[in-house]
Amino acid sequence: MKLEEVRKEIDQIDEQMLNLFLRRMDAAAQVARIKAQTGQPIYNQRREQEILDEVTKKAGAYAAPAKILFQTMMDVSRALQHNLLGGGKELREQIEHADAAPLRERVDAVIACPGTKGSFSSLAAKNLFPDSTLAFYPRFYDVFDAVKKGEATFGVVPVENSTAGSVEEVYDLLLKHRFFIAGEEMLPIDHCLCGVPGATLSSIRRIYSHPQGLNQCRGIIDACSAEAVACDNTAIAADLVAKERDPANAAICSAQAAQKNGLVILKKPAQDIGGNTTRFIVISRTLIIEPEADKISLSFSLPHVTGSLHRILSRFAACGLNLTKIESRPMENSRFEYLFYLDFTGSARAKDTLSLLCALSGDLPEFTFLGNYAARRESGETADI
Ligand SMILES: O=C(O)C(=O)C[C@]1(C(=O)O)C=C[C@@H](O)C=C1
């Protein structure tokens, strides 16, 4: 057979398959109506397993891909049923009625930042909320606590760095509190190695910073043969070095934090890799979706079943949503079970995306919509505070 002839055959098969798929979806819609009348749940694991067992038995050499195909068909069938029965109604209402006032205009807001004046998070907060009041808390934990208690309207915390990777503690706190993400900022991070006046590169024996700062500046720590000492925050490290007045101590922090504490800069930039950039997020107890929001964050858990993550991701892809970040974190009180955290490009107000989110909220264990906000593609300026 010639290529053109085989392709003709494929076209015919596809047409038949498409018609059968449409019939299958109509049948699933009928099942949804019956389930609504009889009060049965949409997901029926036993029925799905029976179908998959049958497919595996009959598909011979193609058993594995046939299973993926049928499992995907049942995923979309369930999504249709959720939508028909108004699944995710609460989420739909929440998104449709979300506050849309821009962050920059919230002059009365109090912004919780980790560390002290000069911390990188506070520089990011100043860019995001130029006219708001900043309040400082020692640790990321305390920032989340301040937002939880209502002491602060929002919190600004780092989530990932281009050299050292994710700030796992912040992901864990976010997944624990299930706060919304209302915005993000990216900052070029130029670290300084600094000490008290009189300190030199050869007098340094201990270097204090947040573990992220230490990880981004391994080269200079090794060159000084110094001990790396972890602190809650880079600006707190600067404060500590200033108070101890020992020329053997140094901090890795921002130039602003060094200046504020009267420290001298021994090396700038102190980081190993150029273009060092950190991404920060704004955490909020209430859902805020600014008009230009184009990034969606969510989390869910998944059963340990072959292809379960792949199937979810393919549903996002089918909606035209591009995955920009995925993170898995261990779930509390369960061994080797994970919560997945995902960022996608997209607007939750777009019809198809909203339908997908609503369907997933009824379908996925522990599903949480974490927000829709304006993605930053370029680094912001490092503000002076
Ligand atoms: O048979 C059902 O109960 C259906 O809702 C149909 C169907 C399917 O698409 O085959 C969809 C969802 C259920 O989890 C099981 C099967």
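Sub-8 Å Cβ pairs linking a first residue in the range 33-49 that is within 18 Å of residue 68 (Cα to Cα) to a second residue that is within 11 Å of the ligand (Cβ to nearest atom), at least 6 apart or interchain, are 43/78; 43/363; 48/71; 48/74, ordered by first then second residue. The set of residues in the range 211-231 being outside any strand (DSSP E or B), over 17 Å from residue 273 (Cβ atoms) and in contact with a helix residue (DSSP H, G or I) (Cβ under 8 Å, 6 or more places away or on another chain) consists of 231 alone. Set side by side, the residues 101, 164, 109 differ, and just one is touching a residue at least 24 places away in the same chain (Cβ under 8 Å), touching a strand residue (DSSP E or B) at 6+ places or on another chain (Cβ under 7 Å) and among the small types (Gly, Ala, Ser), which is 109. Here is the figure for the range 228-283: residues that are among the aliphatic types (A, V, I, L, M), under 30 Å from residue 371 (Cβ atoms) and buried (at least 21 other Cβ atoms within 10 Å of the Cβ) total 6.
Results for (1) of a type outside the set (Lys, Arg); (2) within 13 Å of the ligand (Cβ to nearest atom), shown as yes or no for each residue.
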{"position": "8", "(1), (2)": "no, no"}
{"position": "24", "(1), (2)": "no, yes"}
{"position": "34", "(1), (2)": "yes, yes"}
{"position": "41", "(1), (2)": "yes, yes"}
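Return yes or no: is residue 80 closer than 19 Å to residue 365 by Cβ, of a type outside the set (Phe, Trp, Tyr), within 13 Å of the ligand (Cβ to nearest atom) and surrounded by 11 or more Cβ atoms within 10 Å (Cβ to Cβ)? Considered against the rule, which asks whether it is closer than 19 Å to residue 365 by Cβ, of a type outside the set (Phe, Trp, Tyr), within 13 Å of the ligand (Cβ to nearest atom) and surrounded by 11 or more Cβ atoms within 10 Å (Cβ to Cβ), residue 80 comes out as no.
In the range 43-55 there is no residue that is part of a helix (DSSP H, G or I), surrounded by fewer than 11 Cβ atoms within 10 Å (Cβ to Cβ) and more than 12 Å from the ligand (Cβ to nearest atom).
Within the range 287-309, restricting attention to residues that are β-branched (Val, Ile, Thr) and not in a loop (DSSP other than H, G, I, E, B), the residue that is surrounded by the fewest Cβ atoms within 10 Å (Cβ to Cβ) is 288.
Where a number appears in this text, it was derived from the coordinates with a stated rule and is not lab data. Keep in mind that this is a model prediction, so the values were computed, not measured. Using ideal geometry, Cβ is built from the backbone for each residue, glycine included, and neighbour counts are taken over all protein chains shown.
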